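**Student:** First the structure, which I've put down as structure tokens, then a few questions once you've had a look.
The values are calculated or read from the model by the stated rules, or taken from the named source; none is laboratory data. Bear in mind that the values here come from a model prediction, so they are computed numbers and not experimental data. Cβ atoms come from the backbone with ideal geometry, glycine included; neighbour counts cover every protein chain shown.
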Amino acid sequence: MRYAGIIYNSIADCDNGVSLSLYLQGCPHHCKGCHNKETWDENGGTEIERSVLIEKIKNNLHKNDIKRNFSVLGGEPLAPYNVKDTLEIIKEIKKYDKSVKVYLWSGYYLKEIRKMKIAKEVLKYVDVLIDGRFELEKRDVTLSLRGSSNQKIYKKKKIFFFDVLKKSI
């Protein structure tokens, strides 16, 4: 698999606390005004065995006794060439520590994700989903966790079914 980078202590990629942020390589959306253009090429970034990357994440997730969230960004984590790795990584992190809050950014909209078999499976392990392609005309730097006003934040419901997400206000 390929990844663009890891930020071990990010306060920008979560809404509370610190996050270990994994940036996957490759994005089919190519949004005008994207701030991560270097992640577009699915053959760019760094090649790594998924198991090695998972161990790297686990070894740093709670380093120095800091409990971190886990954020998956891109590129596009749910692109056909990334989605299986995304699923396996998030599953392993949740198995390692089920209390870790998982954030996922995707240029796909929730309605699109729900039609994608493996991507839909990913949602079972995600606590916060930020969906939608970045739209330069709707850019708003005052928004939490989003770059443009068309993007939505969905938080997992604490009750009922784990795979149901609700829209955050």
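**Student:** In region 25-49, what residues are under 16 Å from the mean Cα position of the chain (by Cα) and either β-branched (Val, Ile, Thr) or more than 15 Å from Ser106 (Cα to Cα) (or both)?
**Tutor:** Result: Thr39, single match.
**Student:** Restricting to region 33-43, and then to whatever is surrounded by fewer than 14 Cβ atoms within 10 Å (Cβ to Cβ) and in contact (Cβ under 8 Å) with a residue 24 or more places away in the chain, can you tell me which residue is farthest from Leu20 (Cα to Cα)?
**Tutor:** Step by step, filter region 33-43, then rank; the result is Gly33.
**Student:** Let me ask something additional. In the list Ile11, Ile7, Ile48, Ile54, which residue meets the criterion of being touching a residue at least 24 places away in the same chain (Cβ under 8 Å) and in contact with a strand residue (DSSP E or B) (Cβ under 9 Å, 6 or more places away or on another chain)?
**Tutor:** Ile48
**Student:** Filter region 34-79 for residues that are at pLDDT 95 or above, more than 28 Å from Lys98 (Cβ to Cβ) and either in a loop (DSSP other than H, G, I, E, B) or in contact with a Lys or Arg (Cβ under 6 Å, 6 or more places away or on another chain) (or both) and give the result.
**Tutor:** Trp40, Asp41, Glu42, Asn43, Gly44, Gly45, Glu47 - these are the residues of region 34-79 that are at pLDDT 95 or above, more than 28 Å from Lys98 (Cβ to Cβ) and either in a loop (DSSP other than H, G, I, E, B) or in contact with a Lys or Arg (Cβ under 6 Å, 6 or more places away or on another chain) (or both).
**Student:** Report, by residue number, each residue of region 16-32 that is over 23 Å from Pro80 (Cβ atoms) and exposed (fewer than 15 other Cβ atoms within 10 Å of the Cβ).
**Tutor:** Asn16, Gly17
**Student:** Would it be correct to say that Leu104 is crowded, with 21+ Cβ neighbours inside 10 Å and modelled with pLDDT of 95 or more?
**Tutor:** Against the criterion (crowded, with 21+ Cβ neighbours inside 10 Å and modelled with pLDDT of 95 or more), Leu104 qualifies.
**Student:** A further question follows. For region 81-159, give me every one of the strands (runs of 3 or more DSSP E) that falls completely inside it and has 2 or more residues that are farther than 24 Å from Tyr3 by Cα, in contact with an Asp or Glu (Cβ under 7 Å, 6 or more places away or on another chain) and basic (Lys, Arg).
**Tutor:** It comes to 152-156.
**Student:** Which condition breaks for Pro28 when tested against (1) within 23 Å of Lys94 (Cβ to Cβ); (2) part of a loop (DSSP other than H, G, I, E, B)?
**Tutor:** Answer for Pro28: the failing condition is (1).
**Student:** Let me ask something else. Taking the condition surrounded by fewer than 20 Cβ atoms within 10 Å (Cβ to Cβ) and either under 17 Å from Val128 (Cβ atoms) or of a type in the set (A, V, I, L, M) (or both), does Lys58 pass?
**Tutor:** Considered against the rule, which asks whether it is surrounded by fewer than 20 Cβ atoms within 10 Å (Cβ to Cβ) and either under 17 Å from Val128 (Cβ atoms) or of a type in the set (A, V, I, L, M) (or both), Lys58 comes out as no.
**Student:** Being at pLDDT 95 or above and within 25 Å of Ile57 (Cα to Cα) is the filter here, so list the residues in region 125-144 that pass it.
**Tutor:** Within region 125-144, Tyr125, Val126, Asp127, Val128, Leu129, Ile130, Asp131 qualify.
**Student:** Inspect region 75-85 for any residue being surrounded by 14 or more Cβ atoms within 10 Å (Cβ to Cβ), among the aromatic types (Phe, Trp, Tyr) and either under 11 Å from the mean Cα position of the chain (by Cα) or under 18 Å from His29 (Cβ atoms) (or both) and give the result as yes or no.
**Tutor:** Going residue by residue through region 75-85, those that are surrounded by 14 or more Cβ atoms within 10 Å (Cβ to Cβ) are 75-79, 81-85.
Among the residues that remain, those that are also among the aromatic types (Phe, Trp, Tyr) are: 81.
From the residues that got through so far, the ones that are either under 11 Å from the mean Cα position of the chain (by Cα) or under 18 Å from His29 (Cβ atoms) (or both) too are 81.
Looking through region 75-85, at least one residue is surrounded by 14 or more Cβ atoms within 10 Å (Cβ to Cβ), among the aromatic types (Phe, Trp, Tyr) and either under 11 Å from the mean Cα position of the chain (by Cα) or under 18 Å from His29 (Cβ atoms) (or both).
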